[in-house]
Each structure stands twice: as structure tokens, then as C-alpha cells.
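See below for the structure under consideration.
Every number here is computed from the coordinates shown, using simple stated rules; none is lab data. Everything numeric here is computed off the predicted structure, so don't read it as measured data. Every residue, glycine as well, gets a Cβ built from its backbone with ideal geometry; the counts of neighbours run over all protein chains shown.
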């Protein structure tokens, strides 16, 4: 596979950091975005080992002003804006997310619900919009969602702000698929499994390396016919 230009959000830890590792191992050029690059020790160590192929840039997905700042910075990092030059993003992975634990019915907080929505749903929508001109025609957008966002799969009351925001992200994915269809850009929502990350917790069952390698296989195989659909890390389509 030819080298691609990829942007990963929430790249300082967990699945985002593993995406960066595996994309670099494939020979891709990676822009790794996170809120506090100066404190992203593991990410900066990777950058030191891959000069010219990994760029670490600041981004707070919940803050649209930083989306515009990133969009202005990208042409300098990508090295050009012509359609036929290696100056476009081939892959955008909207990975950054937040999960607030300990929510209980009767004691829900408006601030927590709002923060979850801004980070998990509004952020990917507005960031993709801001970076649309930097996306290559025929590129791909992957939104890291969760099967917990499947309305058909609801069986209990738990982590409501996370679940609601991921259901919204699934709709964001379907809408972006329509918006970007004329340019041949598939947009898919992805469930990474119960991945062994800080967010996944101590009981998680899927190693982060397996989750990411599986997700990349699904992304690589995504076609325009699959755009706007919802898949897990093993390629199985999930119900909305």
C-alpha cells in the first residue's frame, strides 16, 4: 500500500496512540493531534524516532477555534495543497473522546452531558467540516464510536452522556457520508470493541493492538457503498 497522509485525534494515549504506532509501522505520514502536545511523552518519543513522518499538533476537539488553527497549520505540514501533490489528507481518524463515569439517573449533570456531546459528537462533525478542503478526493473518514451508541442494543441505564453522544456521532457519520459522497470519500462509524485502554478499564477484553489492527483493516476495505454504515473492529455491521 502506498504511503498515506493520516490525521489522528486524541493521539496522546490509548487507541489514538496505537493508531499512530501502527500507521507509522506501515510507512504512513501521520499528524497526531492532542490537547497538550508538550505533555504527550510517548507521542513525542515516537516523533523523535520518525523525523519527518510524524508531526504532533495541538487540538481540542471540543473547541472549534482550535479546528480552524489546525486547518491553517496543515498545509505547512503536508507540503502543498494541489490535488495531485502529496499535500492532502488521505485518512482522518476522529478518535478523541471522553467518558464520564459514575453517572446515575436522578443525579445527571447538564455540564457533563454537554461536555460529552461537544467532545464526542459536535467535535468530529465540526472538525471534519473544517478539514474538508484538506481531505483528498477518495480519502476516508473514520469516526471511532461505540456499540453502546446503538439504540437497538440498549438494555440498561448506564453512562448516559457517553451513550447519547456516541448515538449522535453515528448520525454525524451518516450525515457526513452524504456531504462527502460527491468527492468519493467514505465515512464510517466504528466500534473498537471493549479495548484495553484507560477508558476501557481493567476488565476490558480486547488488546489495543488487536483493536487498532482490526479497525485499520476495516478502514482499508471501506468502499463508497459502505459509507454511512456502522462496523465493529472485526468488520461486522452493527445495528443503529
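Calculation over all alpha carbon pairs of segment 1-41 in 5 angstrom steps from 0 returns a P(r) of 6, 27, 32, 20, 10, 4, 1 percent. Taking only Cα atoms, what is the 0 to 90° angle, nearest 10, from helix 160-180's long axis to the longest principal axis of the chain? Compared with the principal axis, the helix lies near 40 degrees. Just so you know, the Cα atoms of segment 1-130 work out to an Rg and Dmax of 15.8, 55 Å.
With coordinates expressed along the principal axes, the C-alpha atoms belonging to segment 154-224 extend over 43, 28, 19 Å, beginning with the largest. Estimated from the Cβ-Cβ distance and a Förster radius of 22 angstrom, the FRET efficiency linking residue 179 and residue 137 is about 0.95.
Counting every C-alpha pair in the chain, the share spaced more than 35 angstrom apart comes to 8%.
The mean of 1/r over all distinct Cα pairs in segment 68-204, once inverted, gives the Kirkwood hydrodynamic radius of 16.2 Å. Computed from Cα atoms, the angle from the helix 208-221 axis to the main principal axis of the chain rounds to 60 degrees. Against the chain, whose longest principal axis is taken from its Cα atoms, helix 14-25 shows a tilt of about 30°.
Quantify how much of the Cα-Cα distance distribution of segment 97-150 extends past 12 Å, in percent. Considering segment 97-150, 73 percent of its Cα-Cα pairs are separated by more than 12 Å. Here is the size of segment 1-77 from its Cα atoms: Rg then Dmax, 11.7, 35 Å. Residues 233, 240 in ascending order of nearby Cβ atoms (within 10 Å, fewest first): 240, 233.
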